[in-house]
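Since the structure comes first, as structure tokens, the remarks are kept for the end.
The values are calculated or read from the model by the stated rules, or taken from the named source; none is laboratory data. Computed from a predicted structure; not experimentally measured. All Cβ positions, glycine included, derive from the backbone under ideal geometry; neighbour counts span all protein chains shown. Accessible surface areas use protein heavy atoms only, side chains included; no ligands, DNA or RNA. Shrake-Rupley method; radii C 1.70, N 1.55, O 1.52, S 1.80 Å.
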Amino acid sequence: MYEQVSHALLNEILVALKPDIIKQRNMRYFYTRLGANFYSIHSLFHRLYGERSDFNVQMRRLVEVMAKQYIARPAHLKKLDQEREQNHTWFLSQKWVGMALYSDGFAGDLKGLKNRLHYLQDLGINMVHVMPILDCPPNESDGGYAVRDFRKIDERIGSLADIKALSSSMRKRDMLLTLDVVLNHTSDEHAWAKKARQGDKTFQDFYYVYENREMPDIFEETMPDIFPENAPGSFTWNEEMQHWAMTSFNNYQWDLNYSNPAVFIEMLDIIFFWANQGVDILRLDAVAFLWKKIGTSCQNEREAHLILQLMKDCCQVTAPGVLFIAEAIVAPTEVTKYFGEDAIVAKECEIAYNATLMALLWDAVATKKSNLLNQGLKSLPQKLERATWLNYIRCHDDIGLGFDDKDIIKSGYDPIKHRRFLLNYLTGQFDDSMARGKPFGQNKKTGDARIAGSLASLVGLEYAIEADDDAAIDQSIQCILLLHAVTLSFGGIPLLYYGDEIGTLNDYSYADSEYKRSDSRWLHRPNIDWNKADLRHQSGTVEYRLFTALKKMIAIRKEIPAFADYNGRELIEVDNPHLLVFSHHQQFSFKVVVVANFDSSEQQMDADDLHRMGLPQIHAVKDAYTGESPTIVNEQLIIPAYGFYWLIE
Ligand code: OTU
């Protein structure tokens, strides 16, 4: 019955669209895909907005946007859509290796980035997440996440023509382009917010605005502070509008109201706009926050998932080759839901940030032990088959210690004391810690705190260079490589962070800027010093040692099909608290066993263990990274300090 209703509506919509669309040829794929997805699109839209009297009008507008953007989609991208539909697990391959970078910090602007693509290619990077580039206010921009115009590029960084040139140059090099769509909020200077401020009710409905504190007070009872130091509370009074606006993040970032279908349709149109510029992957920012409900934390609500499912289904019709990354820095049990639930293929986002692994790796660095890492990974739910992780060590944000208290307890620690230890260790407050992080987002109410700092400075390289301590320099380099050896072999797309490939240290200059001073994340958003980067050609330098080793590691990863992410990873428990051991097995490819030692001294593992991991010929085993046999003494596999193996037979 319901199916018939939705079918009748589809026909009605298509008839209404006809005069405009009938002139267009090649709508065949659009119609086929719309037919295949309409039932789902209609049900989701109905679940979200079915109560409204203008439901059918909004539904028609939704299909109109899909059709118009399909017509606008360039032919070469339509061809790519078809190729990817046919090879729909293409992104699970081990050949993808990503890097996130700011185009200005990395190369001045978009033109500069295009000129530096060869550097990335040389390292082996073939997926680039270009951090936010859209028009935003010059100062109150949250590093580009407070967007003023979703269709305009920040003039300081470039133009739409530059992005087109960049994307076509990347396409020729077989590199994927990733850009952000900031779904949850706009800058308070966005045209919608300006109209809302001037009293336009239509646009006030785009946000959560209230004339008195009644609703804000109720919401704030359960909404956590995201930026407790810079922007406590979740609402901001606007003098001009004489209303409160919901601002989960900074007070100049107004939360969009997705209970209004007009907001959904506008944002979908923006997704298509960027898909049509040749972007391969869209990073959907802060997806956990998309639905607000009184009495909840306003994160991970069921409706937030429905919105993402609807976006995905609509994208399947108009630009099916485009993938979504879920940026959901949430509990391990929540994060896998952003791939989609109850579905064999991902029905929300194909890719998600693996913040769990990231935080656990930092625990292993600080404790030199792998017990919580192992425990946390055990608790990470299985994901869907057509879905994959972005595995990273550092990114432009802070390190949140978001692991589960239960896992901390199971690992033998007290949650409060252990988190305090990690914060103190990573901010260098112990004598034996060489880490140079800074606290971020300290919350006096909850005692919670996160950590900022560059990878190199966090693992002690900054300290070691200052102290002119060669052994400590060696150790820091080894630790950087160890961490990459894990993200490159875990299963999923490794995402390096720009500068880490040459050991870029903390950048303290942000303290000079009045607008950055209070946000310690700027500590690790560097401007690349290309004179230093050139030292990568000079043997013996830190830059050379890191760059050449990572380049080699990336090249080898690409040659090991077992690293493709077909959910074949198995965590292996061994009798040594410093080791992380896991294997990948796949039906038609050989097996690989990864062994990582987080301790600063050499460790051993029973070589017999390799038997049960599926590598029976112990003496025929080779480390794929060095190409040599690993050291085995008295039937013990020897793993050097901060060493790792990628063992194959
Ligand atoms: C994201 O952050 C971005 O990565 C941040 O750079 C932005 O400031 C923020 O959104 C607002 O646009 O929303 O789902 O430090 O990890 O805010 C998680 C906390 C997010 C970030 C968190 C994150």
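Find the accessible area per residue for segment 566-648; the probe is 1.4 Å, ligands and nucleic acids are left out, and the unit is Å².
Result: 47 Å² per residue.
Specify the inter-centroid distance of segment 334-372 and segment 399-440, based on alpha-carbon positions, in whole Å.
Centre-to-centre (Cα) distance: 19 Å.
Calculated FRET efficiency, ASP200 and GLU602, Cβ-Cβ r, R0 60 Å, to nearest 0.05?
The value I calculate is 0.30.
Under the Karplus relation 6.51 cos²θ - 1.76 cosθ + 1.60, θ = phi - 60°, what is the ordered set of whole-Hz ³J(HN,Hα) values for segment 430-445, x standing for Gly and Pro?
10, 4, 8, 9, 9, 6, 10, x, 10, x, 9, x, 5, 10, 5, 5
With everything on Cα atoms, drop me the angle between helix 542-558 and the longest principal axis of the chain, reported from 0 to 90° to the nearest 10.
Roughly 70 degrees between the two axes.
Could you tell me how far the Cα centroid of segment 441-499 sits from the Cα centroid of segment 179-207, in Å?
Centre-to-centre distance over Cα atoms comes out at 38 Å.
How large is the accessible surface per residue of segment 164-288, computed with a 1.4 Å probe and reported in Å² as a whole number?
Roughly 33 Å² per residue, with all protein chains present.
Step by step: find N for the chain, compute 2.2 N^0.38 Å, then divide the Cα radius of gyration by it. What's the final number?
Taking N as the residue count of the chain, the ratio is 0.97.
Mind jotting down the distance between the C-alpha centroids of segment 591-649 and segment 221-281, whole Å?
If we compute the Cα centre of each part, the gap is 49 Å.
Considering only Cα-Cα distances, which of the following residue pairs are longer than 25 Å: LYS172/LYS551; LYS164/LYS292; LYS194/LYS444; LYS172/LYS337?
LYS164/LYS292; LYS194/LYS444; LYS172/LYS337
Given R₀ = 51 Å, what would the calculated FRET efficiency be for SER297 paired with ARG612, taking r from the Cβ atoms and rounding to 0.05?
In this case the efficiency is close to 0.75.
For the Cα atoms of the chain, what angle does the longest principal axis make with the long axis of helix 470-487, in degrees from 0 to 90, nearest 10?
Tilt relative to the chain: about 50 degrees.
Counting only protein heavy atoms, what percent of the accessible surface of the chain is carbon or sulfur at a 1.4 Å probe?
That fraction is 48 percent.
Hey, what did segment 566-648 get for relative contact order, percent, Cα under 8 Å, at least 6 apart?
31
Check cross-link reach from LYS591 to the lysines: straight Cα distance under 19 Å, and skip same-chain residues fewer than eight apart.
Filter leaves LYS95, LYS558, LYS622.
Can you give me the angle between helix 415-426 and the longest principal axis of the chain, using Cα atoms only, in degrees from 0 to 90, rounded to the nearest 10?
Once rounded, the angle reads 70 degrees.
Run the quick spin-label model on GLU385 and GLN442: label points 7 Å from Cα toward the beta carbon, then report their separation in nm to one decimal.
5.0
222 nm [θ] for the chain, helices only, -39500 (n - 2.57) per DSSP H run of 4+, per residue, to 500?
-11500 deg cm²/dmol
Considering only DSSP beta bridges with both partners in the chain, what is the antiparallel share in %, to the nearest 5?
60
For LYS410, give me every one of the aspartates and glutamates with a C-alpha distance below 14 angstrom, ignoring sequence neighbours fewer than eight places off in its own chain.
Correct list for LYS410: empty, as no aspartates and glutamates qualify.
Using a Förster distance of 56 Å, how high is the FRET efficiency between GLU85 and GLU221, based on the Cβ-Cβ distance and rounded to 0.05?
My answer for the efficiency is 0.75.
Which chymotrypsin sites (Phe, Trp or Tyr not before Pro) in segment 543-588 pass both tests, a DSSP loop state and at most 14 other beta-carbon atoms within 10 Å?
PHE588
For a quick check of your reading of the filter: which GluC sites (Glu not before Pro) in segment 34-109 sit in a DSSP loop and have no more than 14 other Cβ atoms within 10 Å?
GLU51
Going by amide H atoms built from the backbone, whose H comes under 5 Å of the H on LEU496, apart from near neighbours?
So LEU496 has HN proximity to GLY98, MET99, ALA100.
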